[in-house]
Amino acid sequence: METGQNEKRRAFLARLAAVAASIWAAPRMLAKAAAPQAQAQRHGPMVHNGLIYISGQGANDGGPVQGATIEDHTRKVMENIKRIVEEGGGTMDSILQLNVYLATLEHYAGMNKVYYSYFPNGGPARCTVAVCGIPGRSLLEINGIAAVVK
């Protein structure tokens, strides 16, 4: 019995190593970054799906935001994410997970109002936290992962 479990463990670790190698082997930039970072990275097929890793998007990425409210900033960030995912061959429904970093939890309700307008069916898995600072005076930053069929 133990030999069978060891073989399964070795097979799993071999698959995991292959996935890790494909991630690091040849990532390519999907969109031009406003800051000195890639907007997103995509790697080759992983069980019939490609993954897009979306770098943190603030309201100042991709040009200045119009307006100073959390709703304005959230709309700009979500439009950046939508553009990145679509350039990678996906849709907003392709997004698996998003992490939201707010300058203050007082912005939670306003962010949610705009955020959920992009996901009429509920949206992806999400984590939301308040942080002590976000680059570029953005009121929030969002990063995540999307899966696209290639």
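Odds and ends about this structure:
- In segment 92-150, the residue that is least open to solvent (accessible area, probe 1.4 Å) out of those that are under 18 Å from residue 80 (Cα atoms) and of a type in the set (Asp, Glu) is 141.
- Condition met for residue 89 (surrounded by 13 or more Cβ atoms within 10 Å (Cβ to Cβ), small (Gly, Ala, Ser), at pLDDT 75 or above and touching an Asp or Glu at 6+ places or on another chain (Cβ under 7 Å)): no
- Some residue of segment 91-110 being within 20 Å of residue 69 (Cα to Cα), touching a helix residue (DSSP H, G or I) at 6+ places or on another chain (Cβ under 6 Å) and either assigned to a helix (DSSP H, G or I) or touching a residue at least 40 places away in the same chain (Cβ under 8 Å) (or both): yes
- Complete set of residues in segment 32-82 that are within 30 Å of residue 105 (Cα to Cα), modelled with pLDDT under 70 and buried (at least 19 other Cβ atoms within 10 Å of the Cβ): 39, 40
The values are calculated or read from the model by the stated rules, or taken from the named source; none is laboratory data. Bear in mind that the values here come from a model prediction, so they are computed numbers and not experimental data. Positions of Cβ are generated from backbone atoms using ideal geometry, with glycine treated the same way; all protein chains shown enter the neighbour counts. All accessible areas refer to the heavy atoms of the entire protein, side chains included, with ligands and DNA or RNA removed. Shrake-Rupley method; radii C 1.70, N 1.55, O 1.52, S 1.80 Å.
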